[in-house]
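**Q** After the structure tokens below, expect a handful of questions from me.
FYI, it's all coordinate maths here, none of it is from the lab. Remember, predicted model here, so these are calculated numbers, not experimental data. Cβ placement follows ideal geometry from the backbone for every residue including glycine, while neighbour counts extend to all protein chains displayed.
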Amino acid sequence: MKKDQEADIEKTQSEHHGGAWKVAAADFFCSMMALFMVMWILSQDDEMLAQTAHFFNNPYIAMGDREKKSDTPIDLGGSSGIGAAGDDGNSSGEKRDFVEQLAQQFIKHLNIDAQDEESPYSVNTTSDGLMLTVFNRTQKPMFEENSSEFTTWGNLVMRNIAWLIDRYDLKIRIEAHTMPLYEGTEEYGAWELSTEQANAVRRALVYYALDPEKLSRVTAFANTRPLPDTPLDDPAQQRIVISLEPE
């Protein structure tokens, strides 16, 4: 009898230790897989890093499920769900409420200080939607001087804006304005510069996150529309205006 009990104990202990090594092995393999994934991500170029970051910020869109995305109402802290495809709530009051809530989202996520006269951003509501202006401030220029090449700050701005506006069902219009005193050369003047800057913004937004089907117009105004009450030689006269209209 005693021998039978000892045999049972040995059998139980053997079964217990037999399962433990499997758990340890599974933990080891999971850890190695995580390590390999981190090493792979760190070895990628900037384009792959941007796509990977976009996936983890919004995996449903990144996986190409854009058709299903429109079935989900926009969540801006309210309950109206304005902006979802197929939504019949298109009254002017509901649209105005949605645009005001959208403006607050941009003010929050872009850290916009309405009292700061040197702020690189300006957000205004219009009868059609929202108008986001990015100024070429002296301390934070969007572009390299007289160029359509983004600065480091400009690239950061484009990435943040792209990730924000791609979350909602909006039609996007882009406008580019150069400084009024910029003349350039006969071969490359204000029209050429503003055209290239407008297209640079379009390409950057699409590169970082934006669905290109949301773009409805890209316009260059050269130096024909200076800001009122702003010195003509103020770098902020060079600006990008992104208009967002709820669908």
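**Q** Of the residues in region 183-217, how many are more than 18 Å from the chain's Cα centre (by Cα) and hydrophobic (A, V, I, L, M, F, W, C)?
**A** Going through region 183-217 one residue at a time, the tally reaches 3.
**Q** Out of the residues in region 164-192 meeting the condition of being charged (D, E, K, R) and part of a strand (DSSP E or B), tell me which one is nearest to residue 147 (Cα to Cα).
**A** Within region 164-192, the match that is nearest to residue 147 (Cα to Cα) is 175.
**Q** Here are the criteria: (1) out of contact with any Gly (no Cβ under 8 Å at 6 or more places or on another chain); (2) surrounded by 17 or more Cβ atoms within 10 Å (Cβ to Cβ). Tell me which single one residue 143 does not satisfy.
**A** (1)
**Q** Same structure, new question: Only one residue in 97, 116 is assigned to a helix (DSSP H, G or I), over 18 Å from residue 242 (Cβ atoms) and of a type outside the set (A, V, I, L, M, F, W, C). Which one?
**A** The match here is 97.
**Q** Another question, if that's okay. Working only within region 125-146, note down all residues that are without any contact (Cβ under 8 Å) to a residue 12 or more places away in the chain and touching a Ser or Thr at 6+ places or on another chain (Cβ under 7 Å).
**A** 144
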